[in-house]
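Derivation of every value follows stated rules applied to the coordinates shown; laboratory data play no part. From a predicted model like this one, the values you see are computed outputs, not experimental measurements. All Cβ positions, even for glycine, are placed from backbone atoms using ideal geometry, and neighbour counts span all protein chains on display.
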């Protein structure tokens with residue numbers, strides 16, 4: 001046509017090289033971390049604590065930290081010996097412990113009983129709901145001075161404050177468990193001829209026990225907080241009273257000693273309640 005010669009090769013389609021098939025990507029595995037052995041873990045924890053204490057002591061001695069406001073570990077250790085040998089350490093510890101345990105038991109029991117009672121009548125639950133919500137929204141610690149005025153500066157006021165903090169949590173949690181009770185299970189009990197009391201005792205309470213048990217560890221901390229706050233306001237003995245007195249007289253080493261003892265007491269009670277919770281959960285599971 002245009003004078004150019006064409007050959008058969010011009011009409012042959014040269015196959016294009018095929019793209020290499022993508023290799024299947026292996027799924028990524030979760031990163032594995034080898035847990036430290038218990039002796040190694042304890043050794044590292046001890047090292048961190050020792051390093052923190054040494055840093056604190058050096059900073060206080062070189063005036064990087066003001067020892068008047070921060071004190072120093074050596075002074076705290078000396079005060080700790082004096083507190084237990086010459087002070088009222090054991091009386092303060094037993095006072096705070098007794099207030100906490102009584103408030104914990106009283107508040108948890110009353111709250112659980114009130115929450116369970118709401119199962120008997122929806123009208124009763126609807127009537128109490130605004131008051132429960134109102135009491136929940138009010139900062140209970142703001143009522144502490146009023147409770148002190150009503151019950152005095154003795155044991156009763158601290159127990160009342162601790163119980164007030166734990167009761168609301170227990171009531172709301174237990175009522176949530178009541179609302180989660182299986183209605184079909186209730187109907188089954190009634191169909192077998194059970195009375196309302198039998199349904200409550202043999203079905204509702206066991207169904208709500210896991211809910212009640214789940215708040216024990218929370219309530220022990222709240223009860224301790226209530227007891228210490230009550231001692232801050234007015235008390236004759238207790239770790240909270242010791243902290244308040246030491247702060248007023250600027251004995252910072254004594255403040256740290258009381259805080260350390262209070263933290264040790266709270267850890268001991270938390271561990272004890274956690275063990276009790278495991279026993280109760282095991283009993284509920286096997287029953």
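I need two numbers for segment 227-273: Rg to one decimal and Dmax as a whole number, Cα atoms only, in Å.
In Å, with Rg to one decimal and Dmax whole: 11.2, 35.
Once you order the gyration tensor axes a ≥ b ≥ c over the Cα atoms, which shape class does segment 196-282 get: rounded for a/c under 1.5, otherwise prolate or oblate by comparing a/b with b/c?
Judged from the Cα gyration tensor, segment 196-282 comes out prolate (a/c at least 1.5, a/b above b/c).
How long is the gain from residue 105 to residue 276 if the chain were fully straight, where each residue apart is worth 0.36 nm and the alpha carbon distance is subtracted?
Net length gain for the segment: 60.3 nm.
Taking Rh as the Kirkwood radius, which is the inverse of the mean 1/r over Cα pairs, what is the Rg/Rh value for segment 98-159?
1.05
Ranking 40, 158 by Cβ neighbours within 10 Å, fewest first, what do you get?
So the ranking, lowest neighbour count to highest, is 40, 158.
Connecting C-alpha atoms closer than 10 Å in a GNM of the chain, tell me which of 39, 31, 73 has the biggest fluctuation.
Ranking 39, 31, 73 by mean-square fluctuation puts 31 first.
I need the Debye-formula profile for segment 60-170: one equal scatterer per C-alpha, no solvent, reported as log10 I(q)/I(0) at q = 0.14 1/Å, two decimals.
Cα-only, vacuum Debye calculation for segment 60-170: -0.76.
Taking neighbour Cβ counts within 10 Å as the exposure measure, how do 197, 56 sort from fewest upward?
The fewest-first ordering by Cβ neighbours comes to 197, 56.
Along Cα→Cβ, 7 Å out, is where each label goes; now give me the distance between the ones at residue 58 and residue 236 in nm to one decimal.
Distance between the two pseudo-spin positions: 4.9 nm.
Taking 0.36 nm per residue of separation and subtracting the Cα-Cα distance, what length does fully extending residue 94 through residue 49 add?
Here the segment from residue 94 to residue 49 would lengthen by 13.4 nm.
Report, in deg cm²/dmol and to the nearest 500, the calculated mean residue ellipticity at 222 nm for the chain, where each DSSP H run with n ≥ 4 adds -39500 (n - 2.57) and the sum is divided by the residue count.
It lands at -23500 deg cm²/dmol.
Evaluated at 20 °C with a viscosity of 1.002 mPa s, what Stokes-Einstein diffusion coefficient in µm²/s does the chain have when Rh comes from the Kirkwood expression over alpha-carbon pairs?
Estimated via Stokes-Einstein, D reaches 88 µm²/s.
Counting only C-alpha contacts under 8 Å and six or more residues apart, can you give the relative contact order of the chain as a whole percent?
Relative contact order here is 23 percent.
Percent of Cα-Cα pairs more than 19 Å apart in segment 144-231, please.
53 percent
Among 181, 279, what is the fewest-to-most ranking by other Cβ atoms within 10 Å?
In increasing order of surrounding Cβ atoms, one gets 279, 181.
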